[in-house]
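Take a look at the structure set out below.
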Amino acid sequence: MIEPFDHEYFMRKALQEAAAAFDRNEIPVGAVIVAQNRIIAKGHNLTETLTDVTAHAEMQAITAASSFVGGKYLKDCTLYVT
């Protein structure tokens, strides 16, 4: 079980996303967004793959989290980024 606010666990998950970016020949940056001690979104750099300067890991995760919560406010969420 994940300990409450286990920052190391969530950062390891962000590092796994960074590894996914590296595997795609992207700059290896990853991000996860956590709410109530669970990952609600994740992302990694896709700027080269999508030819989109805004496709950074953080933006990918924020977009996914916004979709998850059904709105634009990510209240009480934490972003972990490498």
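The values are calculated or read from the model by the stated rules, or taken from the named source; none is laboratory data. Just so it is clear, the model here is predicted, and its values are computed rather than measured. Note that we place each Cβ from the backbone using ideal geometry, even for glycine, and neighbour counts take in every protein chain shown. Accessible surface areas use protein heavy atoms only, side chains included; no ligands, DNA or RNA. Shrake-Rupley method; radii C 1.70, N 1.55, O 1.52, S 1.80 Å.
Per-residue answers, yes or no, for (1) open to solvent by 30 Å² or more (accessible area, probe 1.4 Å); (2) at pLDDT 95 or above; (3) more than 21 Å from D6 (Cβ to Cβ); (4) not aliphatic (A, V, I, L, M):
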| residue | (1), (2), (3), (4) |
| --- | --- |
| D23 | yes, yes, yes, yes |
| N37 | yes, no, no, yes |
| T51 | yes, yes, yes, yes |
| A57 | no, yes, no, no |
| I62 | yes, yes, yes, no |
| A65 | no, yes, no, no |
- Pull up the range 29-60, narrow it to residues that are touching a residue at least 12 places away in the same chain (Cβ under 8 Å) and touching a Leu at 6+ places or on another chain (Cβ under 7 Å), then point me to the one that is farthest from F10 (Cα to Cα). Q60
- Message: Checking the structure you have, find out if any residue of the range 6-17 is in a loop (DSSP other than H, G, I, E, B), open to solvent by 60 Å² or more (accessible area, probe 1.4 Å) and modelled with pLDDT of 95 or more.
- Response: no
- Message: Given the criteria in a strand (DSSP E or B), touching a residue at least 24 places away in the same chain (Cβ under 8 Å), out of contact with any His (no Cβ under 7 Å at 6 or more places or on another chain) and among the hydroxyl-bearing types (S, T, Y), does T78 qualify?
- Response: yes
